[in-house]
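Derivation of every value follows stated rules applied to the coordinates shown; laboratory data play no part. Given the structure is predicted, the values throughout are model-derived calculations rather than measurements. Neighbour counts are summed over all protein chains in view; Cβ atoms, including those assigned to glycine, are modelled from backbone coordinates with ideal geometry.
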């Protein structure tokens, strides 16, 4: 590679500060653009070509000490020549996980959509802040339109919303809004002025409900976990115990581990009766709303007060892309969060200051997260996005059928969504379910297979225990890059890695 | 442009879903990479070349209704041909603000560093999540190293830290940590179990202190604004009124409007005496720590408990890049925020699970924000970053000298940092300070000049009132792309736009 690059391989360290004229620009655009161009080629080659090629590794495992040495991370006083910096770009790419690879099944992000990626590059290049129309005219209007598009799928013709830095933040926003709607004095006086509040959710809801309750001063003990069957919150017996006031039910559409959908209509009945804020954490499951065939999983979502939906998950818009959608039309979001900073949200501007949306956020700087989704949506249309959702369900059905034909795969249950949870039972353990050490041995299978696949770099899939269930794998299928062949490979590979255990 | 592109100009709409085999990949890599390549060229040309050229406009002002029409934002059922999508990339670039332009003085972000931008592209291309070593091996180690580098500049050889989605979140984290250190039961029991808490800060501190207090259930009334001179918090008379317990002092290094630095050593004395958590919001000012010449502005920062520092501001690392630094060595951050999700932070992994840093955050998905800073730091070294800070101070000194030579410019005070706050007095108002309507007329000058510069697209600078001071301009100088000539242009342009008022 060294000879292909337009920079000399050493010696291009910048001259010291005191020799340069501080009145002149310090950055050379041609040199900078040349570097960016070369770096772009490396990304294209290493991450987008090799990194999506099934003949190449998903990961290049290194022990932390060795990796730290290879990367030479230390930050020093003097700069480095361009050539060495390009090598660094290559190294970072080489030792990073190829989340776009068709054999990356580890998490609910991954895959690559080139239109979304172009949107993300453009976002970075334009480097602006989504708080006022004056610095982000295009994105203020675009965010509004994207939120409108998402709300329409929920079933709302009006409403509000905002993009947040991740689903956990969206969930926290819902809590804060629900609390403020009931007790607006909380904004100025804090929680001390209120009765004790409680949140209802299922034990399989995302951990951010508890994190949010702790952060917002509500406390994790005030998150009441309601019993569920099949991973679903079916009913609520709302308790006003010890003077505590229930104020929010956080339902889940697509639980993290099992991909279960709470029955929203049934929960909505209870919320209406008790005047509780109904929040739907659809960070993972929300994208079923694109599909005519599968949107029934979220029937009743239009009765919610708020919905959190992360298009960076199933829609592969790219991290981060997380929308909080609200049915509210009373400007609750702004009233709850605003601080009216006069240096930013001046009221005597020459344009409609309602376009300055920044005060709806508890952030000040806020990244533009709408462009990547907008450009992808424009590129394939709602039907194209629906097709991706349908494809994921189709492949999961295929995978499950194949699993049932093979001896070593035991499903926890038939999947409702695209999470497939299963134990792999190595031949040596088959038929020995009655043995006293069976569960202990089974618990150790997944970690060993995981270690082997990571060290060989052939694929990535996660495992976890859940309640009294010992470690099982959770394979997640959603990337539009994945084919039936990858499903077959997945099963063969689990067998190959685990058959001797 | 139409003929230069490798895509036909129409008709390339994808075939409908039901005709395609859902078992096969839905994305064509060659077509996608071709699109990304073409889009990259447009970004290079429109944003990085034209967008940094002083002969070109900073902004292309359009009224919202007209802009919405031009952009055709609506999201539809069917996709669009590649050619039209490339035109959309071009349009988004055209109508967006050129924040890298040497005449963008509007906010504390802007400018472009090509190494940082390459780091941002690579971050987007790799699309991973900074929560576990298994999905982000390079970035877990890199974040640790970058945080170490920043802490060293604060003066700490040990400690902790995390990158947050913006300075407001960093400030909230500091509040939550301070609260938890004093009353660990808050995590489970909420604020009800605690005495009322108060936060001390200056009226010129960032509005996120109040937003954070509201969000965390502390309440804005419990943020005590302490009187200041020259925009600085000089002393604290800590009051335990009505049984309230002070628990945190939020000092500011580089206030948003005036760029004032609170005297940290003096405040540290009070915090030590009363055992208060000392937080330094150095989101804007922190970068002076790179400069031998200017780091005295933050003398005493090493006595703080926490420091918020946004390298996306003066260091132009790109939005978002915001570090929270902690002196703590007791794992407070993790203890305070952790939820120990078993599906993500399994304890039986085959590597050291202390490398799974995600549970330090209240987010689950967390963007990689360290690579852009790391690559830029590697490229120019600490001395190169110091030089940029020194250059900004140098240009500000020059600007202020020139202002003092011109009749129409009245400084609010001599700047301590790189914020220059001033009134422009049009010729018709000079010498009429005694007139009854003088302040009313003066208040209207800045908004008119602002409107004119936006509509002509020649430059961008912000204005605001502050306390009893009517609208004044705040020009911020930090981009390494800016030269003395741009300073001269700035003054000439204000005169040109405002001389007839």
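Derived from the Cα gyration tensor, the three semi-axes of the equivalent ellipsoid of the protein assembly as shown are 44, 33, 28 Å, largest first. From the Cα gyration tensor of the stretch A:122-174, with a ≥ b ≥ c the square roots of its eigenvalues, which class applies: rounded if a/c is under 1.5, or else prolate if a/b is larger than b/c, or else oblate? Here the stretch A:122-174 falls in the oblate category. Starting from one equal scatterer on each C-alpha and no solvent at all, send me the Debye-based log10 I(q)/I(0) for the stretch B:343-501 at q = 0.17 Å⁻¹, two decimals. For the stretch B:343-501 at q = 0.17 Å⁻¹, log10 I(q)/I(0) is -1.01. Sorted from shortest to longest, the distances between the residue B:456 label points of this copy and the other copies are 7.0 nm, with each point 7 Å from Cα along the line through the beta carbon.
Gyration tensor over the Cα atoms of the stretch B:307-425: the corresponding equivalent ellipsoid has semi-axes (square roots of 5 times the eigenvalues, largest first) of 44, 17, 12 Å.
Please label the shape of the stretch B:248-391 as rounded, prolate or oblate, based on the square roots a ≥ b ≥ c of the eigenvalues of the alpha-carbon gyration tensor (a/c under 1.5 means rounded; beyond that, a/b larger than b/c means prolate, else oblate). Oblate.
In angstrom, the C-alpha Rg and Dmax of chain A are 25.4, 80. Sorting the segments A:350-358, B:301-309 by their mean number of nearby beta carbons within 10 angstrom, highest to lowest, gives B:301-309, A:350-358. Inter-copy label distances for residue A:184: 4.0 nm (label point placed 7 Å from Cα along Cα→Cβ; shortest first). Counting, for every residue in B:217-225, the Cβ atoms of other protein chains within 10 Å of its Cβ and taking the mean gives 5. Mean sequence separation of contacting Cα pairs (under 8 Å, at least six apart), scaled by the length of the stretch B:413-501, corresponds to a relative contact order of 39 percent. Inter-chain Cβ neighbour count for A:199-209, averaged per residue, equals 2 (cutoff 10 Å, partner chain atoms only).
With the highest mean first, a sort of the peptides B:258-264, B:98-104 on other beta-carbon atoms found within 10 angstrom per residue produces B:98-104, B:258-264. Under the criterion of Cα pairs below 8 Å and six or more residues apart, the relative contact order for chain A equals 18 percent. Label positions at residue A:272 and residue B:269, each projected 7 Å from the Cα along the C-beta direction, are separated by 6.6 nm. Ellipticity at 222 nm from helices only: DSSP H runs of n ≥ 4 in chain A, each -39500 (n - 2.57), divided by the residue count, give -11500 deg cm²/dmol. Highest-first packing order for the peptide set B:171-178, A:214-221 is B:171-178, A:214-221, based on the mean count of other beta carbon atoms within 10 Å. In nanometers and ordered shortest first, the copy-to-copy spacing of the residue B:468 label point, defined 7 Å from Cα toward Cβ, is 7.3.
Inter-part distance, the stretch A:123-151 to the stretch B:45-116, computed on C-alpha centroids, equals 11 Å. Shielding value for B:395-408 is 0, the average number of Cβ atoms from other chains within 10 Å of each residue's Cβ. Kirkwood radius, the stretch A:434-498, all distinct C-alpha pairs, inverse of mean reciprocal distance: 13.0 Å.
Once you sort the root eigenvalues of the Cα gyration tensor of the stretch A:45-154 as a ≥ b ≥ c, which label holds: rounded (a/c under 1.5), prolate (a/b larger than b/c) or oblate (the other case)? Since a/c reaches 1.5 but b/c is at least a/b, the shape of the stretch A:45-154 is classed as oblate. Relative to the 2.2 N^0.38 Å rule of thumb, the stretch A:88-223 has a C-alpha radius of gyration ratio of 1.38. Residue and whole-Å distance for the chain B Cβ lying nearest the axis of the B-onto-A rotation are B:217, 1.
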